[in-house]
Each structure stands twice: as C-alpha cells, then as structure tokens.
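A.B. asks: Below you'll find the structure I mean.
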Ligand SMILES: Cc1cc2nc3c(=O)[nH]c(=O)nc-3n(C[C@H](O)[C@H](O)[C@H](O)COP(=O)(O)OP(=O)(O)OC[C@H]3O[C@@H](n4cnc5c(N)ncnc54)[C@H](O)[C@@H]3O)c2cc1C
C-alpha cells in the first residue's frame, strides 16, 4: 500500500471525526452567532478540546504532529457543515511561521500551552491602512532599546485579536529608504497581548460577515529580545513561508463552502416544485449547479496537490497561489448558483444561503486579493514584466 493511500484512509477517519463534532453545531447555531455578531466560543472550545486546532503542532509539544493535508480536512469539514472556520483558522495559518522560524525557547514557551488549549494564537497583524497590499510600505516601527524593542504604529483588519493571547506582528526594524530591497528590514514579533496593557488597543470594525476584526493602535509597546521570531530584517520572507500555508488552508475552507452550496442547491432544486415540476428539471437551474460542482472538484485537486507539496517540503508557491485563486472562484461560483436556485428564499436568513454567500465572498479579497495572486503567477511563474 502506498503512503499516499494510507494518508487518504487516515484523512477519511479524520473527516468523519470532525464531521461528528461539527454536527453538534448546526446551522441554527451559526445563524444565531452571525445575527448576534458573537464569537462562536463553544465551537472553538470543542474544536480545541478535541485537539483539531493543534493538529499542526509537533507531537513533542503535545500537538497532533500532522500536516496541511490533514489540517485542510478539518477546515473543509467545518465549512462544509455550514460553519465558518474563520473564527479560529489563524492558529493554523500562523503555525508555519512559528514552526519554521521560531526559536526552541519560543516553541517550548508557547506550543505546549497552545496545544493544551490554555493559550490562543489567533491573531496576526500585517496589514496597515496606508500600505494595503504593498506590505513593504508598512510603517509600524520597532526601534532598538535596552533589552529589546519599542514598537509604535497602527494596524488594520487584525482579526480575532480580542479572542487571542498572542499576536504575530510584522514591523519595520530598518526604514525602507535604508535597505537594499524593500522586502528587507522587516521583522516578525510574537506579542504576548496579556502583558501588553494599554500599549496595544483595538477598535472593532463592523463588517458584512461575523468576523471579529479590528483597527489596532500600538503606542510604545516594549517587547523583550525573546519576542523576535527568526532573523531580524527577514520577517517578510518568513511571513511568505506562512502565506503559502495560509493560501492552502483557506482554499480548503472554500472547498467546504463550495460543497455546502452544491449540496444545498441540488437538494432544493430537486424538491422545490414550480410549474408542476421540480425546478432542478430545468437545465437553466441544473447546469449552473453542475458547472459549479465541476469547478469545486477540480479546484479541490489543485488544493490537495499544493498541500501535499507543502507537507513534503517541495516548493509550492505557484500551487498555493493557483489553489487560492481557483478555490475562491469555485466557491463563489457555487454560492452564486445557490443564490439563483433558491430564488427569493436565498435572501431569507433561515436558509443560511445568504450567510454563507457573504462569508465565502471574503476569500476572493482576503487575506490577499486575487489580482495580486494573478500578478504573482504572471510575474514570478510565467516571467512576464512586473507591474509593481
Ligand atoms: C474580514 C477581513 C479580515 C482580515 N484579517 C486580516 C488579519 O487578520 N490580519 C491582517 O494583517 N490583514 C487582514 N485582512 C486584510 C487583508 O489582508 C487586506 O484587506 C488585503 O491584503 C488587501 O489590502 P487592502 O484592503 O488595503 O486593499 P488595497 O491594497 O487597497 O487594494 C484594493 C484593490 O486594488 C487592487 N490592487 C492593488 N494593487 C494592485 C496591483 N498592483 N495590481 C492589480 N490590482 C491591484 C487589489 O487587488 C484590490 O482589489 C483582513 C481583511 C478583511 C476584509
């Protein structure tokens, strides 16, 4: 039996176990937290207690010791159940940066508690209001001081910060006009928010989805030497490592959404009867769902390939980006087909279609817009001229 086949069998068991947990958090549960704009605390606790959120943490630190292939299954099943992994996915999104670049001291200090569920690493602060997609232009600055750093600056869209103990923060440590390349001079820090006090304040942003996200103001935040992750000045490259993981994992959430939309739409189309027959008998209703199903299935193959490459240490930048593009487009295609299939009822909250439609739209824009994914493919994979 090949190792690939064994891994498929293991993920089938995992899929079943996660699906069973998610069954306790049904669509009315997600509808209610959405309408209250509440954090799904019970769900995140259950997922943590079951060990699924620490699946990427090595066994020596108390985690599952598994890879992105398995973590993808967890997130896909959450979204396929009708839920939304965005409440807690960052612990997986950020893990690659910490595992690959964190010191042994940092790993011993944090990973066992994260694995045990007593510590949360659910927030990362990269985006800034004036820099947007051009991360090299961020202005948050960490200046050297005795025994560490003093950080000042502002972040935006820092999600889950009010439900996290740790924040992975990107800051400049050398001004952009003093470095050879704009990607140089940025550093990554692990901020213990429990010790930050008034130096870090968060102002919630109201959004079209239930997503705890914030404007963050940092004033004279002292960070000890031990907060630096990896090499000073190399932070953006370290973040790029994590970004491939993030793109692969969010692709899995898109696949879960896409499957949910196709399932819901096909069963509604088979039972809703108008003009004396099920609406799904009309090809104008049936074909968009079938086309979306094909798109979701094809995107899923690219996602799995990207995850496999990441897990085996192969280069996966092109695959992670293609996966992000294709999966976010496929889930959006499925969402749109479901909206058409449900007719007016698509707009009624009790069917959950409008909620999932809002939620899945995010993936085309964030954490990186698909335009920039296309620019990466065009410029770095196909070698065409640079636009920025
Ligand atoms: C709900 C939500 C949660 C988020 N959570 C986090 C988080 O936890 N941490 C974090 O750091 N960030 C987070 N983000 C921020 C997200 O990563 C950014 O919104 C994203 O990177 C885009 O930046 P921007 O919004 O400033 O868009 P801009 O950079 O202003 O871009 C606007 C538009 O212009 C296009 N564009 C810009 N330049 C080019 C170009 N050269 N070629 C073609 N098109 C271009 C973009 O693709 C986009 O369509 C979140 C965002 C949202 C909406």
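The values are calculated or read from the model by the stated rules, or taken from the named source; none is laboratory data. Every value quoted in this text rests on a predicted model; they were computed, and no experiment measured them. No Cβ is skipped: glycine too gets one built from the backbone with ideal geometry, and neighbour counts run over all protein chains shown.
A.B. asks: Tally up the residues in the range 100-141 that are surrounded by fewer than 21 Cβ atoms within 10 Å (Cβ to Cβ) and in contact with a helix residue (DSSP H, G or I) (Cβ under 6 Å, 6 or more places away or on another chain), please.
C.D. replies: Count: 7.
A.B. asks: Which count do you get for residues in the range 174-210 that are out of contact with any helix residue (DSSP H, G or I) (no Cβ under 6 Å at 6 or more places or on another chain) and within 12 Å of the ligand (Cβ to nearest atom)?
C.D. replies: Residues flagged as out of contact with any helix residue (DSSP H, G or I) (no Cβ under 6 Å at 6 or more places or on another chain) and within 12 Å of the ligand (Cβ to nearest atom) within the range 174-210 amount to 4.
A.B. asks: Filter the range 212-231 for residues that are within 29 Å of residue 359 (Cβ to Cβ) and surrounded by fewer than 18 Cβ atoms within 10 Å (Cβ to Cβ) and give the result.
C.D. replies: 215, 217
A.B. asks: Among what's in the range 26-59 and is surrounded by fewer than 20 Cβ atoms within 10 Å (Cβ to Cβ) and not in a helix (DSSP H, G or I), pick the residue that is nearest to the chain's Cα centre (by Cα).
C.D. replies: Checking each candidate, the answer is 39.
A.B. asks: Related question: Give the residue, chosen from 279, 289, that is crowded, with 19+ Cβ neighbours inside 10 Å and touching a strand residue (DSSP E or B) at 6+ places or on another chain (Cβ under 8 Å).
C.D. replies: 279
A.B. asks: Further, regarding this structure: Is it fair to say residue 67 is outside the structural domain of residue 312 (by TED's automatic domain parsing) and closer than 19 Å to residue 249 by Cβ?
C.D. replies: Yes; evaluated as a whole, the condition is true for this residue.
A.B. asks: Take residue 361 and decide whether it is in contact (Cβ under 8 Å) with a residue 24 or more places away in the chain and within 17 Å of the chain's Cα centre (by Cα).
C.D. replies: Here the answer is yes, as residue 361 does meet what is asked.
A.B. asks: What tally of residues in the range 74-99 results from selecting those that are more than 16 Å from the ligand (Cβ to nearest atom), surrounded by 24 or more Cβ atoms within 10 Å (Cβ to Cβ) and farther than 25 Å from residue 335 by Cα?
C.D. replies: Result for the range 74-99: 0.
A.B. asks: Okay, moving on. Return only the number of the condition from (1) assigned to a helix (DSSP H, G or I); (2) closer than 30 Å to residue 305 by Cα; (3) away from the ligand (no atom under 15 Å from the Cβ) that residue 240 does not satisfy.
C.D. replies: Of everything listed in (1) assigned to a helix (DSSP H, G or I); (2) closer than 30 Å to residue 305 by Cα; (3) away from the ligand (no atom under 15 Å from the Cβ), residue 240 misses just condition (3).
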